[in-house]
Amino acid sequence: MSGAGWVFEVKWDGYRAVVDLAGGDATLTSRNGNDLTARFSGVAREVVKAVKTTDCVLDGEVCALDDSGRASFS
């Protein structure tokens, strides 16, 4: 659908993750409380570089994009 008054959110089809950045160290946690930091260690390292603070909480989705920019859960 399109037109005035319509908004949408892209379905990324990835892992929902909360990033807790404390003292410059990032921890990724799933919505069920599972630690995802080791599984997505590259994301944890890049978050530390990407934000301009050493302490924050971010809520997002970890996903892989194919060559066309589409999310691929597998």
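The figures follow:
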{"item": "Selected residue (criterion: least open to solvent (accessible area, probe 1.4 Å)) from residues of the stretch 43-63 that are closer than 14 Å to Gly14 by Cβ and touching a Gly at 6+ places or on another chain (Cβ under 7 Å)", "result": "Val62"}
{"item": "Check on Ala17, among the hydrophobic types (A, V, I, L, M, F, W, C) and not in a strand (DSSP E or B)", "result": "no"}
{"item": "Test result for Thr27, surrounded by 10 or more Cβ atoms within 10 Å (Cβ to Cβ), in contact with a helix residue (DSSP H, G or I) (Cβ under 8 Å, 6 or more places away or on another chain) and not in a strand (DSSP E or B)", "result": "no"}
{"item": "Residue within the stretch 38-52 that is in contact with a strand residue (DSSP E or B) (Cβ under 8 Å, 6 or more places away or on another chain) and in a strand (DSSP E or B) present", "result": "no"}
{"item": "Residue check, Gly69 of a type outside the set (A, V, I, L, M), touching a residue at least 24 places away in the same chain (Cβ under 8 Å) and open to solvent by less than 50 Å² (accessible area, probe 1.4 Å)", "result": "no"}
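The values are calculated or read from the model by the stated rules, or taken from the named source; none is laboratory data. All values derive from a computational prediction rather than experimental measurement. A quick note on method: Cβ atoms are made from the backbone with ideal geometry, for glycine too, and the neighbour counts reach across all protein chains shown. Areas reflect the complete protein model, heavy atoms only, side chains present, ligands, DNA and RNA absent. Shrake-Rupley method; radii C 1.70, N 1.55, O 1.52, S 1.80 Å.
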